[in-house]
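As structure tokens, the structure follows; a few thoughts come after it.
Please treat every number below as a calculation from the coordinates, not as lab data. Note that this is a predicted model, so its numbers are computed, not measured. Positions of Cβ are backbone-derived with ideal geometry, glycine not excepted, and every protein chain shown enters the neighbour counts.
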Amino acid sequence: MLKDFVVEKEGKPLIELPLKAPRATDDLDDPEMAEWAVGVSWIKTFPIEEHKYFKGLFANQNIVCKLRDEKTVDFLIKEFGISDS
């Protein structure tokens, strides 16, 4: 749950850092209603001016989805230098 998430870089619980979501800390003790957070370990990044994009790139606003769009997968493999191994 959000109340248990620690930001490694800061060494602090996320709820002790400035949050832009005004109600993110509502219902902290209710697993059904509380916000949840997932950490991401970025293996490769690019400066904003070197952003990666193509017209038709798959994008989804849902909380989670499985990336199956073949053109987008092929683009990501090429741009991020991903190998099959």
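The figures follow:
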item: Per-pair calculated FRET efficiency, R0 = 35 Å: residue 29 and residue 69 via Cβ, rounded to 0.05; result: 0.35
item: Kirkwood hydrodynamic radius (C-alpha pairs) into Stokes-Einstein, the stretch 1-41, 10 °C and 1.306 mPa s, D in µm²/s; result: 149 µm²/s
item: Under 5 Å, built H, 5+ apart or other chain: amide partners of residue 7; result: 12, 14
item: Calculated log₁₀ intensity ratio I(q)/I(0) where the Debye formula runs over C-alpha points of the stretch 20-85, q = 0.18 Å⁻¹; result: -0.92
item: Count of lysine pairs in the chain with Cα separation under 14 Å (8 or more residues apart, or interchain); result: 6
item: Long-range HN-HN contacts of residue 58 with modeled amide H, under 5 Å; result: 72
item: Two-site FRET efficiency, residue 83 against residue 6, from Cβ-Cβ distance with R₀ of 41 Å, rounded to 0.05; result: 0.80
item: Point-to-point label distance, residue 42-residue 54, nm (Cα→Cβ direction, 7 Å offset); result: 2.3 nm
